[in-house]
Amino acid sequence: MKKFSRKEILKLMGLAGIASTAGTFFNKVYGNEMENITSENEKNPVKDIVTLPDTGTWPTKDPFLFCVHHHDVYPSANQSLGPSESLSGRDIGQDFSNKNGWSMYHGSNIPGFPRHPHRGFETVTIVEKGLIDHSDSLGAAARYGKGDVQWLTAGDGIQHAEMFPLFDQVNPNPIDFFQIWVNLPAVHKRVKPYFSMFWADQVPVVNIQDSKGRLTEVTIVAGKYGRNKPQNPPPDSWASESESNFAMWIIKLQSEAEWILPATSSTTNRSLYVVNGTGIKIGKHLINARNQVELIPDIDVNISDNGGGTKLLLLQGKPISEPIVKHGPFVMNTKSEINQAYFDYQNTQFGNWVWGKDDPVHGKELKRFAKLVDGREETPG
């Protein structure tokens, strides 16, 4: 078994880049809007509003570690499932440039994230456009997209690759997805890794009509909404704990649609991300796209679209409230556990990499599938 130097380990780890005051009155600017916020309004559900960075990861609250939104419009494909345009001028292996509206990330010929390790947390990948090819050191593989969700518990340790093959040789190849890192409690950080797929037809989508017939669409990846309940999360996930009050929803409001986000437990961290569109209004707050809204959880939130349609992401959960020590793709509770993760990865590689290359893709057929650890194969529908 090949052993890696610390320098090589650090290089592989770099591939994981998939970081109120009572009685007062003050002003904040959100995009182009200025709004007065006062603590005198007890029904105001907005705690804080933070502008999101143009690139990189979005801030999150416990039990989440971070969220990233990938939106790339790749050019037409070449015969090798990569972009047909020249890669000249890009920092290949570290291309986060968004040059011409797309990046190669850590990919050399096909965009994506070649083989890299994880330990101590989970990744949830929600793909709205495009396809992702997954390969891992447990022997599992998948091609998924078009509304599919992959939920991966890294637990004791796993290596995986996430590549973005391009198929259309005539037209652009857009990809649009969220990847959300969810922490694991200390008791579950060293559990056996777990790979699961939620196909698009297994993910509940609810349409709510307001008094004027305008629709709000809620896609429920995790967390019950009314009588609508998604697939069960992995067994060792914080989301599987009954007291976690965990939810991940994608919300799309039609132009000027109105919708109520129902109140939840007061012990919950609740964040609403205005992903794109014309923005929303919550009470007196006009909130443009690319903002994170931290909400008071036990108050109903009346949300209306500013006119033109808006996409939102809701992340909520009861905090785990344990120490967090992070280094690259390892998330543990102590520094000594991080050092142990280095040692274990160098000596075991977290399993057996059978794919022949660090950036495997699964052929030129558009078929979505998942090959599970036990050898069974799943397909949508």
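The values are calculated or read from the model by the stated rules, or taken from the named source; none is laboratory data. No experiment lies behind these values; they were computed from the predicted model shown. Here Cβ is always computed from backbone atoms with ideal geometry, including for glycine, and neighbour counts include all displayed protein chains.
Have a look at Asp72, Asp91 and point out the one that is of a type in the set (D, E, K, R) and not in a strand (DSSP E or B).
Numbers: Asp72 fails: not in a strand (DSSP E or B).
Residue meeting the stated conditions: Asp91.
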Residue match in the stretch 120-131 (condition: closer than 20 Å to Ser76 by Cα and surrounded by fewer than 21 Cβ atoms within 10 Å (Cβ to Cβ)): yes
Residues (charged (D, E, K, R) and within 30 Å of Trp249 (Cα to Cα)) located in the stretch 302-345: Asp305, Lys311, Lys318, Glu322, Lys326
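State which residue is surrounded by the fewest Cβ atoms within 10 Å (Cβ to Cβ) when the search covers only the stretch 234-281 and only residues that are part of a helix (DSSP H, G or I) and out of contact with any strand residue (DSSP E or B) (no Cβ under 7 Å at 6 or more places or on another chain).
Applying the first criterion (part of a helix (DSSP H, G or I)) to the stretch 234-281 yields 238-240, 242-244.
Applying the additional criterion that residues be out of contact with any strand residue (DSSP E or B) (no Cβ under 7 Å at 6 or more places or on another chain) yields 240, 242-243.
Working: Ser240: 15, Ser242: 6, Glu243: 9.
The extreme case among them is Ser242.
Rundown of residues vs (1) farther than 30 Å from Ile320 by Cβ; (2) among the aliphatic types (A, V, I, L, M); (3) in contact with a Pro (Cβ under 7 Å, 6 or more places away or on another chain); (4) at pLDDT below 95, yes/no style:
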residue: Tyr74; (1), (2), (3), (4): yes, no, yes, no
residue: Ser80; (1), (2), (3), (4): yes, no, no, no
residue: Leu87; (1), (2), (3), (4): yes, yes, no, no
residue: Asn98; (1), (2), (3), (4): yes, no, no, no
residue: Ile110; (1), (2), (3), (4): yes, yes, yes, no
residue: His116; (1), (2), (3), (4): no, no, yes, no
residue: Arg119; (1), (2), (3), (4): no, no, no, no
Residue ID - nearest to the chain's Cα centre (by Cα), chosen from residues in the stretch 134-149 that are farther than 26 Å from Tyr342 by Cα and part of a strand (DSSP E or B): Val149
Conditions (1) assigned to a loop (DSSP other than H, G, I, E, B); (2) in contact with a Gly (Cβ under 7 Å, 6 or more places away or on another chain); (3) buried (at least 17 other Cβ atoms within 10 Å of the Cβ): number failed by Asp358: (2)
Candidate set: the stretch 334-381, residues that are of a type in the set (Ser, Thr, Tyr) and touching a strand residue (DSSP E or B) at 6+ places or on another chain (Cβ under 8 Å); chosen: the one farthest from Gly112 (Cα to Cα): Thr334
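Quick one: how many residues across the stretch 156-209 are among the hydroxyl-bearing types (Ser, Thr, Tyr) and within 18 Å of Arg368 (Cβ to Cβ)? Even if it seems obvious, please write down each step before you answer.
Within the stretch 156-209, the subset among the hydroxyl-bearing types (Ser, Thr, Tyr) is 194, 196.
Those left that are additionally within 18 Å of Arg368 (Cβ to Cβ): 196.
Total satisfying the criteria: 1.
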Leading residue by the ranking (modelled with the lowest pLDDT) among those in the stretch 314-355 that are out of contact with any Pro (no Cβ under 6 Å at 6 or more places or on another chain), on the phi > 0 side of the Ramachandran plot and not hydroxyl-bearing (Ser, Thr, Tyr): Gly328
Any pair with Cβ under 7 angstrom, 6 or more apart, that starts in the stretch 345-371 at a residue that is farther than 21 Å from Gly120 by Cβ and ends at one that is assigned to a loop (DSSP other than H, G, I, E, B) and of a type in the set (Asp, Glu): Arg368/Asp148
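Report whether or not Ile299 is part of a loop (DSSP other than H, G, I, E, B), of a type in the set (A, V, I, L, M) and in contact with a helix residue (DSSP H, G or I) (Cβ under 8 Å, 6 or more places away or on another chain). Reasoning before the result, please.
Values: part of a loop (DSSP other than H, G, I, E, B): yes; of a type in the set (A, V, I, L, M): yes; in contact with a helix residue (DSSP H, G or I) (Cβ under 8 Å, 6 or more places away or on another chain): no.
Against the criterion (part of a loop (DSSP other than H, G, I, E, B), of a type in the set (A, V, I, L, M) and in contact with a helix residue (DSSP H, G or I) (Cβ under 8 Å, 6 or more places away or on another chain)), Ile299 does not qualify.
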